[in-house]
Structure formats: structure tokens, C-alpha cells
1. Out of all DSSP beta bridges in the chain, what portion is antiparallel? Express it as a percent rounded to 5.
2. Among all the lysines, which ones have a C-alpha under 24 Å from K260's C-alpha, if same-chain residues fewer than 8 places away are not counted?
3. Once the piece of chain linking D182 and K356 is laid out straight, how much longer is it, given 0.36 nm per residue of separation minus the C-alpha distance between them?
4. With labels modelled as points extended 7 Å from the Cα through the Cβ direction, what inter-label distance (nm, one decimal) is found for A261 paired with N66?
5. What is the Cα centroid distance between region 192-223 and region 315-349, reported in whole angstrom?
6. Give the cross-link partners of K103 among the lysines, using a straight C-alpha distance below 18 Å as the criterion and excluding same-chain residues fewer than 8 apart.
7. How large is the helix-only mean residue ellipticity at 222 nm for the chain, computed as the sum of -39500 (n - 2.57) over DSSP H runs with n ≥ 4, divided by its residue count, in deg cm²/dmol to the nearest 500?
8. Please compute the modelled spin-label separation between E38 and S279, points set 7 Å along Cα→Cβ, answer in nm with one decimal.
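Where a number appears in this text, it was derived from the coordinates with a stated rule and is not lab data. Since the structure is predicted, the reported quantities are computational estimates derived from the model, not experimental observations. All Cβ positions, glycine included, derive from the backbone under ideal geometry; neighbour counts span all protein chains shown.
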Amino acid sequence: MKCTYNFSAGPAVLPKSVMLRAQAEMIDWHGSGMSVMEMSHRGKQFMSIIEKVESDFRSLFNVPHNYKVLFLQGGAIAQNSMVPLNLLNGKKAHYVLSGYWSKRSYQDALPFGEMSIAASSESIGYVKAPEFCDWKFDSASSYVHFCSNETIHGIEYLSMPSIKSVPVVVDMSSHILSRPVDISQFGVIYAGAQKNIGPAGLTIVIVRDDLLDVASPMTPSVFHWKTQVENQSMINTPTTYSIYMAGLVFEWLIELGGLKAIEKQNIEKAKLLYDYIDSTDFYSNSIDVSNRSRMNVTFRTHDENLDATFVTGAQNLGMIGLKGHRLAGGIRASIYNAMPIEGIQALLDCMKDFEKSH
Ligand SMILES: *Cc1c(COP(=O)(O)O)cnc(C)c1O
């Protein structure tokens, strides 16, 4: 098989060892005579899988006891509606706009009630995320929402807010498990799995206990966090195989030394790319240094056509998914947990060669 490095933003690269294990267990899971895909979600075998997945996730991410973990569907985008349905409670909510995804969360929430913009960096083209001290919200509101890693622009909050007066809701889809986080600072954390966790289809939601009792009576049962908690995320059939795959990724991360260890690798990987981009006038990254994403490294040459030539050339060398999002243009290397350092080296070599020949 040709050696490829997948820099796609999502669905994205998974650890090779995880894929090999899934392959080995594919048609007969632990002597059960069945694939995980074929198991009843309420059977003893799958129940043992999901319980281990949850306990591994809790220990890996250090989830406090007063938080529930849900394995849902619908992607991060479904949470854009579930958040106001479950939390708004007739009050106002605030949204921080730091890029495409947080703006979309805000727009999706508008039909549910009074939404206000706490801060926005849209007018400066999302090159820097609004600082915590500039967020405007009032403590009588139901929550303040933000996105901690904007996947399209490559903007990351490298520290997290500490707000006591209002529950903080965060979309962590594209950098969850890339570093340790103090969960107790948040009311709700959600993330689609297909960036840093596993296959598409699964959405993980972490909710603080005391926020489970204010859902609108209009909330459909599959969207109702408390109902899902009471039914172990099985008000209907969950994404069993994606949950199993996520579990293999959690085991891989635990074996690697947990989130401190992966954070170290992620810092190193991103630094290699940004240092090189900064060292030359040929490539540039427009994001404020304090918000440069460790997961989604965006850059460009001086010319759109040259960007496209680079992407095609890299693809011919086995580096796929480097085309920037259509809204941002340019080039984007998504270098999630599972991207090995060899992939970064290969990309750097490719960037250097391209610079020389153009
Ligand atoms: C990919 C992504 C989404 C959308 O996720 P879906 O699973 O397609 O709903 C939302 N927010 C962020 C930050 C993302 O990276």
C-alpha cells in the first residue's frame, strides 16, 4: 500500500494501530462470533464495550463526577439546536463569534429565543479570537457559547475562560483530547467525533448535572440530554461501531501517556510547521500568534493558483486533504492527534522543495 498522509480536516486520520486492531477484531469480536457492528446495542457484549469506552474517556479527559457523558448523533451541528433547547429556559444567551463554526452556532440558535453577540472578530476577518476580557454578557443569562478551535480558519484558544457567573458552553469538535482541559470551568462541552476521536456519526456531550433540569418541554426525546442520561445514551440505537472505534482511540491515547503526552507532541508538530512558515516569505499564516491552532495549520503563498499547484503536487506525493476550506482558500494542514511526526516531516520537505522550484 502506498504511504499516504491524510491532512483532511474531518473525517480525518486515525492511528494506524487502531485501524489494525479494528481490522483484526472486525468479523469476530473477542470470540463472540460477531462483528461489533452486528451486536445488539442492549446486549451484554455491547454494554461492556460502551461502559469501558465511557470510563476510559472519563479518566483520559479527567471528567469530574458531577458531569454526565453522552454518546449521541447528529454531529456538532445538532448540538447547535440542542444547546438552546436544553439550556435556554426562557432567558437570553450569548455567543462569541471567532470564525465560521461559532457564527453558525449563533445563527442556528436564533430561532430559539433572544441571542446576543458577546464578542466578535468577524470585522477583522477572524485573524484573532476575541479575548476573554472583551466578552460581554450578563449573569442573568442562561449561557455563553464559544468554539475553542475554529477548524476552517485555524484559530485556537490556547487557554480557556474561567467564568463563574454563567455556564460556559463550548464546541471543542476539532481539538478535544489534544491537551488537558479543566472541565470544571464548563457547563457543557460537545464535539463531533470525526476530527480527533474516531469515525463520523458519534457526538460526545459532557453536561454538568445541575444543567439537566431546565430543558424546554418542546425538546424531542432524542435531543433531550436528561432523557438520554436516564437511558445511557440509548433512547434509540446509538452509533455502536463509532463508539467502539472511539474506545480504541481512547485506549491508544491512554497507552501513549494521556493528554499531557499528546499535548507535547501536538505542540512540537505545530511548531515545526509554523516555524518554517515564519522563516520564509514564500508562505504566510495570517492568524495572530496567540491564537494559532495546533490542529489546523492554515497557510498560503502569494498566489491562489500557486496554492492549488502546491495542493496537487503534494497529493501526487501521497499527502492528501491539504486544500483550504472553500471559504478560507489557501492551504490547510489538519494535524490531529493521529498525524505522526513523519507526516509533518514529509509535508515540510514538500513545502521546501516547492519553494525552491517556484
Ligand atoms: C466539523 C465541525 C463542526 C461540524 O460538525 P458536524 O459533525 O458536521 O456537525 C462543528 N464545529 C466545529 C468546530 C467543527 O470542526
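1. Roughly 55 percent of the beta bridges in the chain run antiparallel, per DSSP.
2. The qualifying lysines are K16, K52, K68, K195, K269, K271.
3. Values: separation 174, 0.36 × 174 = 62.64 nm, distance 4.43 nm.
Additional length available on full extension: 58.2 nm.
4. With each label point 7 Å from Cα toward Cβ, the separation is 3.2 nm.
5. 30 Å
6. K103 reaches K92, K128, K136.
7. For the chain, the value works out to -11500 deg cm²/dmol.
8. For the pair S279/E38, the computed spacing is 5.3 nm.
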